[in-house]
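See structure below.
The values are calculated or read from the model by the stated rules, or taken from the named source; none is laboratory data. This is a predicted model, so every value here is computed, not measured. Cβ coordinates were reconstructed from backbone atoms using ideal geometry, including for glycine residues, and neighbour counts include every protein chain displayed. Remember, those area values only see protein heavy atoms, side chains included, never the ligands or the DNA or RNA. Shrake-Rupley method; radii C 1.70, N 1.55, O 1.52, S 1.80 Å.
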Amino acid sequence: MNRKLMAAIGAVTLLGVTACGSDSGGGGSAVAAEDRDETLTVWLMGEADSTWPELVTEVNDTFAETYPGVTVNVQYQQWGDKTTKLDAALGGSEFPDVVELGNTETMTYILNGVLAEIDPEQYDNSDTWIGGLVDTCSFEGAMYCVPYYAGSRVAVYNADMFEAATGSAEFPQTEDELLEAMTALDEEFGEGQAYSPMYLAGRNWHAAMSYVVGYGGQIAEFDEDSGEWSGTLSTPEAQAGIQHYIDLVKEWNRGDQTKDEEDHALAMAQERAALIYGNGWEAGVVVHGAEGNPELEGTIQVAGMPGPNGEPLPSFIGGSDLAIVEKSDVQDLAAEWIALFTSEESMEVLVGKDTLPNNTKQLEPLKENPTTAPMANAVPDAWFTPIAPGWSAVEQQSVLPNMLLEVLRGTPVEEATATADAAIDDLINNEA
């Protein structure tokens, strides 16, 4: 891999040398590459450490061949408190130069001037970057982050359990067939016990909103006349999707229904669940994660999730982007490191981990691979959260999880959605 990575770094180094000759825009001073001695601080999320640590090591080693005196300080973060830590760091003098952001987090930081503008031409396959990721990095014709990887939600299931209960390891194609399989799983593995045929977490808002979209609803809408967003969870379509999701949770999740999805892969690894609805890469976590179960190798499979009304369940297009902090004094180094980490060869490493790459060129072959086809085929019709200035605040204040929790606890869906819409209206148009 080093030769190809060196080719990539060579291309961006030519651009970086120009930047080094200027004292503006965090470009550094006119110092030869081998004499640079700065520190480049990179914040990555835990998935990079648990799922593709060899890529981080390889990129850092290759980067060091050009910049032997530069220290690359990779710090791994957790989703639960990353934005709180980032906001605090940005207010001080010790902040990351490169930061990974979930694609629902980027717009707030773009609007607040936190992120430096990037030149897409410095990065591999930028002409085929997945549109849903490009949108989250774009504002007024400029781009402020680099797509890192895409994610879509799929059914992750235990094929052996399905075969034992239904006589077939194949995943059901319709929701009616799926519910029949759930009943069979109950009968086979213990109805009423600490076993969930379908472990849907009550506060998993990404899953719940897929049912909203499946019923023809949406989270919020933009009014061209007023130039503002407003919540639309109170519409009949959205309410029907939310109620459908809650009904599934209550019927088939025999664990703590008030949890989020953080431990659903663990439930499957412990063979307490036959099915979860999550990111495709979580199939690997079930088997190979820190708390995974290697004995399930070959048993854990992925498939498209059937939704209501006879259609596949629309998937949320998740994923991450990599951004350069505007305050950084080593923006040129940051750009070169990101170029290596998102190069075509680096994307092949992610593909090997059943993770979707950042571009359609490398995504296309995955549609023919049985292991990755369910995730790859979900991308074109996937939905995304409102690209609104205050959406990050909606997430940070847990508006959607709190709404789902209230419905689980008995609040009528009409009342809970009205409360959620009011909260969305208060937050979604605010840039700060």
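Among the conditions (1) in contact with a Ser or Thr (Cβ under 8 Å, 6 or more places away or on another chain); (2) surrounded by fewer than 21 Cβ atoms within 10 Å (Cβ to Cβ), residue 327 misses just one, which is (1).
The residues of region 82-115 that are within 18 Å of residue 340 (Cα to Cα) and either without any contact (Cβ under 8 Å) to a residue 12 or more places away in the chain or open to solvent by less than 10 Å² (accessible area, probe 1.4 Å) (or both), listed by number, are 96, 98, 99, 100, 101. Scanning region 120-131 for residues that are within 18 Å of residue 316 (Cβ to Cβ) and either open to solvent by less than 20 Å² (accessible area, probe 1.4 Å) or hydrophobic (A, V, I, L, M, F, W, C) (or both) yields a single hit, 130.
The residues of region 134-150 that are assigned to a helix (DSSP H, G or I), farther than 14 Å from residue 383 by Cβ and open to solvent by less than 10 Å² (accessible area, probe 1.4 Å) amount to a single one, 137.
Scanning region 304-313 turns up no residue that is under 18 Å from residue 202 (Cβ atoms), assigned to a strand (DSSP E or B) and at pLDDT below 95. In region 217-237, which residues are touching an Asp or Glu at 6+ places or on another chain (Cβ under 9 Å) and small (Gly, Ala, Ser)? Within region 217-237, 217, 220, 230, 231, 234 qualify.
Of the residues that sit in region 162-184 and are of a type in the set (A, V, I, L, M, F, W, C) and either open to solvent by 70 Å² or more (accessible area, probe 1.4 Å) or touching a Ser or Thr at 6+ places or on another chain (Cβ under 8 Å) (or both), which one is nearest to residue 282 (Cα to Cα)? Per the criteria, the residue is 162.
Scanning region 260-281 for residues that are under 19 Å from the mean Cα position of the chain (by Cα) and either part of a strand (DSSP E or B) or under 14 Å from residue 199 (Cα atoms) (or both) yields 260, 261, 262, 263, 264, 265, 266, 276, 277, 278, 279. Can you pull out every residue in region 379-400 that is open to solvent by 20 Å² or more (accessible area, probe 1.4 Å) and part of a helix (DSSP H, G or I)? Within region 379-400, 393, 395, 396 qualify.
Scan region 231-259 for residues that are outside any helix (DSSP H, G or I), in contact (Cβ under 8 Å) with a residue 60 or more places away in the chain and within 27 Å of residue 309 (Cα to Cα) and the total you get is 7.
Residue 226 meets each of the listed conditions (1) free of Cβ contacts under 8 Å to residues at least 24 places away in the same chain; (2) in a helix (DSSP H, G or I) apart from (2).
For region 286-309, residues that are touching a strand residue (DSSP E or B) at 6+ places or on another chain (Cβ under 9 Å) and open to solvent by 30 Å² or more (accessible area, probe 1.4 Å) total 2.
Within region 28-86, the set of residues being touching a strand residue (DSSP E or B) at 6+ places or on another chain (Cβ under 7 Å), among the polar types (S, T, N, Q) and closer than 30 Å to residue 395 by Cβ comprises 41, 73, 75, 77. Scanning region 352-370 for residues that are under 19 Å from residue 50 (Cα atoms), surrounded by 19 or more Cβ atoms within 10 Å (Cβ to Cβ) and over 15 Å from the mean Cα position of the chain (by Cα) yields no hits at all.
Among the residues that make up region 69-79, is at least one of them out of contact with any His (no Cβ under 6 Å at 6 or more places or on another chain), polar (S, T, N, Q) and crowded, with 19+ Cβ neighbours inside 10 Å? There is at least one residue in region 69-79 that is out of contact with any His (no Cβ under 6 Å at 6 or more places or on another chain), polar (S, T, N, Q) and crowded, with 19+ Cβ neighbours inside 10 Å.
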